[in-house]
1. Which one is farthest from I171 (Cα to Cα) among residues in region 56-73 that are out of contact with any helix residue (DSSP H, G or I) (no Cβ under 6 Å at 6 or more places or on another chain) and surrounded by 14 or more Cβ atoms within 10 Å (Cβ to Cβ)?
2. In region 172-229, what count of residues is obtained for those that are in contact with a Leu (Cβ under 9 Å, 6 or more places away or on another chain), surrounded by fewer than 19 Cβ atoms within 10 Å (Cβ to Cβ) and among the charged types (D, E, K, R)?
3. Would you say L114 is in contact (Cβ under 8 Å) with a residue 60 or more places away in the chain, of a type in the set (A, V, I, L, M, F, W, C) and not in a helix (DSSP H, G or I)?
4. Out of all the residues in region 75-102, which are touching a Ser or Thr at 6+ places or on another chain (Cβ under 8 Å), hydrophobic (A, V, I, L, M, F, W, C) and open to solvent by 40 Å² or more (accessible area, probe 1.4 Å)?
5. Does T123 meet the test of being modelled with pLDDT of 90 or more and in contact with a Lys or Arg (Cβ under 9 Å, 6 or more places away or on another chain)?
6. From the list I16, I61, I71, exactly one residue is farther than 22 Å from T229 by Cα, hydrophobic (A, V, I, L, M, F, W, C) and assigned to a helix (DSSP H, G or I). Which is it?
7. Suppose we keep only residues that are among the polar types (S, T, N, Q) and more than 19 Å from L227 (Cβ to Cβ) within region 19-55. Which one would you say is least open to solvent (accessible area, probe 1.4 Å)?
8. Testing K52 on (1) at pLDDT below 90; (2) in a helix (DSSP H, G or I), one condition comes back false. Which one is that?
Amino acid sequence: MTTLWRKALFLLLLLIIWETAYRTMHWGWRFPSALQTMRTFYDGMADGQLLKATLGSLRRILVAFGLSCAIGIMLGVLFARSRLLDETFGFVVVALQTVPSIAWLPFAIIWFGLNDFAVVFITTIGATWTMTIASRSGIKNIPPIYVKSAQMFGTGRGLRLFYQVMVPAAIPQLITGMRMAWAFAWRALVSGELIARGVGLGQLLEEGRSLGDTSLMLCIVLVIAILGTISDHLVFKRIEDRVLTLYGLQTAKA
C-alpha cells in the first residue's frame, strides 16, 4: 500500500503541475490542460467512441501478439538448435529487426488493402523478430550442466530433453521477450492504424490530428500508456514473479 500511495500522490502532483503550467503559460489549443483531457476521456467513454476504438485495437493486437509469440518461439528454438539456420536465416532476422515495422505498411496495403489484415500483418512483423531473438537467447544461454545432468538421469537428446529441461530453463528469458514484443506490437499497431481504415485508437488519433483536437490526441496517448501499464503489471509482471518464485530466484510475496 505504501508503494501504491506513493504512485498515486506522484500522479496527483503531476496533474496539478500540468494544470498550473497550462494556466500560467497560456498554451492554448497547442497542448490541452489536464481538465480538458479528462473531460475528453469522459465524453469518449460516455458516447462509446473511445471504448469501441480501444476494443478494436485490443482485438488486433491480441491476434498479432499471439501470432508473433508462436512464430518467434518456433524460429528462436530452430536457430538455437541448428547452427546452419542460425548463421543464415538467423542473420537475416537480426537485420530485419532494425527495420521499422511501419516500413512494411506500403507492402501490406498492396497485398491486403487498407483493412485489418494489413494492420495485423505489420503488428506481427513488429513483434516477431524481437520474440525470435529472445527465444534464441533463452535456449542458447541454458547452462550446459542442466542438459548434462538431465541426460545422466535418462532424458536423452530428443523431445523429452527439450520440453522437460530446455523450455522450463528458458522461461524467464521468454517472459522478458514477451514483454518487449508486447511493447513493439503496440508501436506497430498504432502506426498501422494511423493509415488503415477501421475502428481503433490509431484511427481516433488521426481523427484528432485532422480536427486539431489536441485533447483527443493526448487522451489516446494516455489510454495507450494506461493499457500498457495495466497489461505489464497484471499479466507479465505476475507471471514473471511466479516463475522466479518457482525457480527460487526470489521469495514469495505475501
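The values are calculated or read from the model by the stated rules, or taken from the named source; none is laboratory data. Since we're looking at a predicted model, the values are computed, not measured. Methodologically, a virtual Cβ is constructed for each residue, glycine included, from the backbone with ideal geometry; neighbour enumeration extends over all protein chains shown. To get the accessible areas, we keep the full protein, side chains included, count just its heavy atoms, and leave off ligands, DNA and RNA. Shrake-Rupley method; radii C 1.70, N 1.55, O 1.52, S 1.80 Å.
1. Step one: filter region 56-73 for residues out of contact with any helix residue (DSSP H, G or I) (no Cβ under 6 Å at 6 or more places or on another chain), giving 56, 58-59, 62, 66, 70.
This time we only want the ones that are surrounded by 14 or more Cβ atoms within 10 Å (Cβ to Cβ), so: 56, 58-59.
Numbers: G56: 30, L58: 25, R59: 26 Å.
That would be G56.
2. The total comes to 4.
3. Considered against the rule, which asks whether it is in contact (Cβ under 8 Å) with a residue 60 or more places away in the chain, of a type in the set (A, V, I, L, M, F, W, C) and not in a helix (DSSP H, G or I), L114 comes out as yes.
4. I102
5. yes
6. Going through I16, I61, I71 in turn, just one is farther than 22 Å from T229 by Cα, hydrophobic (A, V, I, L, M, F, W, C) and assigned to a helix (DSSP H, G or I): I71.
7. This residue is S33.
8. Tallying (1) at pLDDT below 90; (2) in a helix (DSSP H, G or I), K52 fails exactly one: (1).
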